[in-house]
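Report on the structure given below.
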Protein chains: 2
Amino acid sequence: MARKQGSHAGTTGPKVRDAALRLFARHGFAAVSMRQIAAEVGVQAGALYLYTPDKQTLLFELMTDHLRDLLEDWQPPGGGPVAELEDFARHHIRYHLDRPDLVFIAYMELRNLTPENFAAVERLRGAYEARLEAVLRSGVADGKFDVPDVKLATMGLIAMLTGVTTWFKDGGRLSRVDVEDIYWGMVRKAVSA
Amino acid sequence: MARKQGSHAGTTGPKVRDAALRLFARHGFAAVSMRQIAAEVGVQAGALYLYTPDKQTLLFELMTDHLRDLLEDWQPPGGGPVAELEDFARHHIRYHLDRPDLVFIAYMELRNLTPENFAAVERLRGAYEARLEAVLRSGVADGKFDVPDVKLATMGLIAMLTGVTTWFKDGGRLSRVDVEDIYWGMVRKAVSA
DNA sequence: TCTTGAATTGAACGAGCGTTCAGATAAGGT
DNA sequence: ACCTTATCTGAACGCTCGTTCAATTCAAGA
């Protein structure tokens, strides 16, 4: 009854995060117990506290790491507003289809964050939205796009693109590239001058 | 310590549902206890079981009543695909802005339903989506719309429109009608031939 | 006014919760 | 081979959970 064979912080730590991610996404933060996470990892509940100060921080760090990844994943590539908007749309869809659990959690469990943690997550999300907003604004400025309200268009487009995670299944009627193409077509037309 | 003054099933019943709705939306189904709901209503926890067989059914009935309302709220008004699409978009936005808590719950708490209850809710949601799908399909048939995939366009448009609940605040920069107009403009262009 | 039944209390049930910690064991540098 | 230290166990803490039920009181029809 003590340290286990093969135990190593470098392997257990990520396993804790993976298990928490999967379980939070499937059942919701509040519905998942530390003992369930521990069972998934193969340790006792007490051992989790070597890797996180508490349950709330576990959630918070999953969210912020995800949003930081998302921000790093896309920088405006240049080439003008239309090319940048296409690049954004395709990257957004790819990133979201690759990490459905993280996306789900980052949208759904905001209310389980403390006010400070919530503010930090909202700041990161705002930074991402500002990227798209800047592309739209520059496209409006040189007459490539026509939208009555850039902020609203930003929110509308992100909602539409993110929604792909709610229905897309690999091996279905449409491939990922098909989906990218079709969404990009709708985005392009929705903001076209 | 027993029956309270002014007690009446006709008043307590709705109060239970209202309190559950508000609390579920704010904190999540799993994070809300029957005792919290009871406190909000002004009764003891045991009394709730006169109005619902259990906590899960309370959630399920909130969802199904909402979706049935949504289905009743909009019938194709005729006048051709373009007019019908506009009517759908405007109704969808209005309905969702009027019931943010119900909308939130119906999207977020699906994973807390039993498989049977989940299937029933999905059936209702599918019926609603089929309404929009039919409008798009008829518009494509007579050349008014051009979308590469009607099903995907349906999901994309509903996601975009529903997303309005995540950011709209009354008294902000844009009125509800402004928002309706702008979203309708984007929808129209996104599916335009 | 009396009686009947609907509405509610308050206590209790067993179970599970997040978190802490002393003690035990394996890993890894010397 | 030894020793230190990182890793983990298992028990325990006080608390809350959903749900049940006998007892009690109010409302309302006769």
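Only the coordinates and a few stated rules stand behind these numbers; no lab work does. These figures come from a predicted structure and were not determined experimentally. For neighbour counting, all protein chains shown are included, and Cβ atoms are generated from backbone atoms with ideal geometry for every residue, glycine included.
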Fill in the blank from the handout: With one decimal in nm and the nearest listed first, the spacings from residue B:15 to its own position in the other copies, using label points 7 Å along Cα-to-Cβ, are 5.2
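Please give the average number of partner chain Cβ atoms lying within 10 Å of the Cβ of each residue in B:78-88, rounded to a whole number.
Details: counts 0, 0, 0, 0, 0, 0, 0, 0, 0, 0, 0.
Across B:78-88, the average partner-chain Cβ count within 10 Å equals 0.
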Handout entry: Cα-centred dipole magnitude for segment A:91-193, charges only on beta-carbon of K, R (+1) and D, E (-1), debye, nearest 20
Key = 120 debye
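Which entries in A:151/B:151; B:15/B:151; A:151/B:144; A:169/B:169 show an alpha-carbon gap greater than 31 Å?
Details: A:151/B:151 27 Å; B:15/B:151 39 Å; A:151/B:144 28 Å; A:169/B:169 34 Å.
B:15/B:151; A:169/B:169, as the Cα separations exceed 31 Å there.
Mean separation of Cα pairs under 8 Å and 6+ residues apart, divided by the residue count of chain A: what relative contact order is that in percent? Walk me through the numbers before you get to the answer.
Details: 151 pairs, mean separation 43.8, N = 193.
Averaging sequence separation for qualifying contacts and normalising by length gives 23 percent for chain A.
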Practice task
State log₁₀ I(q)/I(0) for segment A:69-130 at q = 0.17, 0.27 Å⁻¹ as given by the Debye formula over alpha-carbon point scatterers of equal weight, solvent excluded.
Solution key: -0.67, -1.20
Problem - Calculated label separations, residue A:178, copies of the chain, 7 Å along the beta-carbon direction, nm - result: 4.1
Exercise for the section: With the convex hull built on the Cα atoms of segment A:1-139, state its orientation-averaged projected area in nm². Expected result: 9.5 nm²
Completion exercise
Restricting to aspartates and glutamates and to Cα separations under 17 Å from residue B:55, and discarding same-chain partners fewer than 8 apart, the set is B:18, B:40, B:65, B:109, B:116
Exercise for the section: Mind giving me the nanometre distance, one decimal, between the label points for residue A:181 and residue B:119, set 7 Å out from Cα along Cα→Cβ? Expected result: 3.6 nm
Problem - Karplus-derived 3J(HN,Hα), 6.51/-1.76/1.60, for each residue of segment A:138-144, Hz, glycine and proline x - result: 5, x, 5, 4, 9, x, 7
Problem - Largest-first principal axis extents, alpha carbons of the protein assembly as shown, Å - result: 65, 62, 41
Practice task
For residue A:33, go 7 angstrom from Cα along the Cα-to-Cβ vector, then report the distances to that same point in the other copies in nm, smallest first.
Solution key: 1.5
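Nothing charged except the Cβ atoms of Lys and Arg (+1) and of Asp and Glu (-1): what's the magnitude of the dipole of the protein assembly as shown about its Cα centre? Round to the nearest 20 debye. Before the final figure, lay out each step's value.
Values: 48 positive and 50 negative charges, 239 e Å.
The calculated dipole for the protein assembly as shown is roughly 1140 debye.
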Fill in the blank from the handout: Across 5 Å bins beginning at 0, the whole-percent shares of Cα-Cα pair distances in segment A:57-190 come to 2, 10, 20, 21, 19, 14, 9, 4, 1, 0
Handout entry: At q = 0.24, 0.26, 0.27 Å⁻¹, base-10 log of I(q)/I(0) for segment A:9-52 (Debye sum, equal scatterers on each alpha carbon)
Key = -0.75, -0.87, -0.93
Practice task
Residues in segment A:157-185, backbone N under 19 Å from the label point at residue B:97 (7 Å along the Cα-to-beta-carbon vector): list them, ranges by number please.
Solution key: A:157-160
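Mind checking B:139-147 for the average number of partner chain beta-carbons within 10 Å of each residue's beta-carbon? The partial results should precede the final answer.
Numbers: counts 0, 0, 0, 0, 0, 0, 0, 2, 4.
Going residue by residue through B:139-147 and averaging, the value is 1.
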Practice task
Would you mind computing, in nm to one decimal, how far apart the modelled labels at residue A:110 and residue A:173 are, each placed 7 Å from Cα along Cα→Cβ?
Solution key: 3.2 nm
Exercise for the section: Quick one: which residues, 5+ away or cross-chain, put their amide H under 5 Å from the amide H of residue B:192? H built at 1.01 Å from N. Expected result: B:146
Problem - Residue (of B:174, B:95, B:108) at the positive-pole extreme of segment B:57-190, dipole from beta-carbon charges - result: B:174
Fill in the blank from the handout: In segment B:7-92, taking the dipole from +1 charges on Lys and Arg beta carbons and -1 charges on Asp and Glu beta carbons about the Cα centre, the listed residue (B:33, B:66, B:82) farthest towards the positive end is B:33
